[in-house]
Amino acid sequence: MCWYARELSMSAFPLVRFPIPWPRSDSVFPERVPRPVVRVWSLAVWIAVVGNVPLWQHVELLTVSNAHRLPLLAGLGLVLVGALAALLSLVAWPRVFRVVASALVLVSAFSSHFMWQYGAVIDPTMFANVVHTDVREVRDLWSVQLLAAVLLVAGPALWWIWRRPLAFRGWLPQTGRNLLGVATGVALSVAMALLCYQDLASLMRNHKDLRYMVNPLNTVYAGARLASDQLPRQVTALKPVGEDAKLGASYVHQARPPLLLLVVGETARAQNFGLNGYERATTPALARWRAEEGLVNFSQASSCGTNTLVSVPCLFSPLTRAQGGDRTPEHENLLDVLQRAGLAVLWIDNQAGCKGVCNRVPHASPADNPVHGLCDGGECLDPAMLQGLDDRLAALDPVRSARGVVVVMHQMGSHGPAYFKRTPPDRKPFQPECRSNTLSDCPREQLVNAYDNTIAYTDHFLDLALTWLKTRSEQGVNDTGLIYVSDHGESLSENGLYLHGVPYAIAPTQQTRVPMVSWFSPGLQARDGVSMDCVRSRSDQPISHDHFFHTVLGLMDVQTKAHEPALDALLPCRTP
């Protein structure tokens with residue numbers, strides 16, 4: 001037990017004194033230059049204590065007994081100090097130490113802010129999100145509180161690091177000192193871990209999120225994992241999928257080609273979707289489409305991940321999450337198979353990129369040709385993706401378009417934390433709304449108002465898209481259909497969490513339950529033999545991103561061995 005540490009006498013650890021030679025008059029170092037060991041251990045203590053305030057606050061809340069709280073905090077703190085001292089000792093070289101130490105301090109400061117403000121944790125997928133963050137997202141996350149956190153946590157440590165150069169008295173002596181520092185740090189961590197094993201093991205086993213809150217070791221680990229996972233795959237070609245893909249019998253003598261619109265939502269959670277029984281009317285237009293036009297709502301849909309970088313590639317992957325669809329892609333995706341079968345494919349992105357999914361098909365962004373009133377301040381509202389869409393389709397390969405077209409629209413949707421930026425002034429039915437990107441500064445009612453406004457605006461955008469599809473169907477241009485599903489959900493202060501990205505194994509349902517709807521024109525229903533009454537009767541059964549790849553292949557009548565009938569959500573309702 002960790003509390004045994006209180007019984008240990010300091011006499012058990014004899015004081016070892018090392019003679020410190022007085023600098024010679026011709027020394028190139030000033031007389032008061034701190035020795036490397038002082039720099040290393042002082043900085044280790046600072047990062048462990050000040051750079052991990054969210055961790056200590058979380059641990060304190062989790063420990064009920066006062067008798068165990070202080071020994072547990074002290075034991076875990078010394079484990080962390082030892083680990084940090086070992087890491088810093090490895091880089092305690094004159095031209096390396098200050099750069100690496102500064103990076104670790106800054107990482108701790110930034111991570112502490114996001115943990116404190118949003119309840120975020122730093123795991124490999126979160127680190128990957130940071131790497132792929134664009135300027136627009138950085139702008140949304142910037143705040144005075146972030147600057148203050150960096151100054152308070154990193155400022156004193158950076159001054160300590162850079163005030164004087166690191167003393168250096170030769171490669172051989174310094175190597176010995178560094179190795180001794182590593183050994184001492186490791187020994188301290190191991191000793192305290194063994195001493196407090198029962199309490200620490202219980203704490204980490206029951207609260208797995210804590211391992212992702214240890215700054216900056218969490219970031220070092222996440223970065224190493226990401227590099228080892230992704231770098232080898234950057235030089236490896238994707239494995240082909242559906243090389244046998246061909247179009248089925250429905251394309252023989254077809255009267256008009258099919259047009260399927262796939263809308264990938266952003267950060268919409270099922271809980272706040274009106275069609276799912278939410279107390280607010282956040283989806284009035286979709287409710288009308290359900291009542292009058294046969295739209296189907298899937299109330300039990302779940303995502304493959306809790307962030308865009310995982311969920312979007314997984315959504316289009318031939319693999320299920322259990323098969324590795326949530327990992328860095330090694331295979332081609334749905335769009336490759338559709339294109340190989342001979343269909344025209346177009347990706348329109350209003351987000352921070354398609355995460356590699358659209359790299360081998362035609363793709364565009366509304367920001368390429370900004371629409372006045374829909375594109376201001378460096379970003380576009382989602383309806384901008386519908387502007388000029390007929391012209392975009394006309395520019396596709398006419399031979400492929402004559403067979404059929406699949407268009408993917410990747411929304412800005414409910415992307416936070418600046419929810420208020422995702423809706424225009426005349427589309428904010430829920431007031432007052434939070435107008436800050438520091439979400440914890442807003443009353444929860446205002447935060448929910450701002451988020452619900454984004455869901456209502458997605459409802460408006462889908463209404464526009466469905467109207468466009470219905471018009472093309474009634475004009476005899478295409479047999480049309482739409483499938484909408486969000487990439488992941490969002491936390492709105494439940495259990496102290498904001499935004500998304502919590503590791504999937506411990507993620508709350510607010511981040512994994514997502515809205516999903518579908519609508520097919522009478523022509524597409526007849527073409528594919530789909531009974532919407534049957535689909536509606538099955539709409540309350542569990543469905544997930546795992547079904548997307550195979551359902552779309554089945555709906556577009558693409559024949560390939562890559563299609564798994566058991567994962568085709570529409571197959572039970574399809575008549576040959």
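The values are calculated or read from the model by the stated rules, or taken from the named source; none is laboratory data. Bear in mind that the values here come from a model prediction, so they are computed numbers and not experimental data. Cβ coordinates were reconstructed from backbone atoms using ideal geometry, including for glycine residues, and neighbour counts include every protein chain displayed. What goes into the accessible areas is simple: the full protein's heavy atoms, side chains included, and nothing from ligands, DNA or RNA. Shrake-Rupley method; radii C 1.70, N 1.55, O 1.52, S 1.80 Å.
Some observations on this one:
- When you filter the trypsin sites (Lys or Arg not before Pro) in region 149-189 for DSSP loop state and at most 15 other Cβ atoms inside 10 Å of their Cβ, you are left with R163, R169.
- Percentage relative contact order, the chain, counting C-alpha pairs under 8 Å, at least six apart: 20
- A value for volume of the Cα convex hull per residue in Å³ was derived from the coordinates, and within the list (i) 150; (ii) 141; (iii) 179 it appears as (iii).
- Mean ellipticity per residue at 222 nm, deg cm²/dmol - from DSSP H runs of n ≥ 4 across the chain, formula -39500 (n - 2.57): -13500 deg cm²/dmol
- A 1.4 Å probe run over the chain, with the rest of the protein chains in place, finds 45 Å² accessible per residue.
- Mean projected area of the Cα convex hull of region 474-576, taken over all directions, amounts to 8.7 nm².
- For region 45-147, the fraction of C-alpha pairs more than 19 angstrom apart is 55%.
- Region 522-539 and region 204-240 have Cα centres spaced 43 Å apart.
- Shape of region 484-523 from the C-alpha gyration tensor: prolate (a/c of 1.5 or more and a/b above b/c, with a ≥ b ≥ c the square roots of its eigenvalues).
- The residue list V138, A418, C573 was ranked by how far each Cα lies along the charge dipole of the chain toward its positive end, using unit charges on Cβ atoms, and V138 comes out on top.
- Average Cα contact separation per residue, region 167-299, under 8 Å, 6 or more apart, as relative contact order %: 8
- Here the spin labels are modelled as points 7 Å beyond Cα on the Cα-Cβ line, and at V38 and A249 they lie 8.7 nm apart.
- Peptides 87-99, 246-258, 312-324 ordered by average Cβ neighbours within 10 Å, highest first: 312-324, 87-99, 246-258
- For the chain, the longest principal axis of the C-alpha atoms and the axis of helix 284-293 are separated by about 30°.
- Where GluC sites (Glu not before Pro) in DSSP loops with at most 12 other Cβ within 10 Å are excluded, longest remaining stretch of the chain: 280-576
- Rounded, prolate or oblate (a/c below 1.5 giving rounded, otherwise prolate when a/b exceeds b/c) for region 183-273 by Cα gyration tensor: prolate
- Prolate/oblate/rounded label for region 374-428 (Cα gyration tensor, a/c 1.5): prolate
- Inter-centroid distance (Cα atoms) of region 320-367 relative to region 244-288, Å: 17
- Out-of-range pairs (alpha-carbon distance over 32 Å; input K208/K428; K355/K470; K355/K561; K239/K421; K246/K470): K208/K428; K239/K421
- A full extension of the chain between D533 and A187 corresponds to an added length of 117.8 nm, given 0.36 nm per residue minus the alpha carbon distance.
- Taking packing as the residue-averaged number of other Cβ atoms within 10 angstrom, the listed peptides 122-128, 41-47, 224-230, 410-416 run from highest to lowest as 410-416, 122-128, 41-47, 224-230.
- Once the Cα atoms are used to define both axes, helix 197-206 deviates from the longest principal axis of the chain by about 20 degrees.
- Relative contact order (%) - criterion: Cα under 8 Å, at least six apart; region: region 224-369: 23
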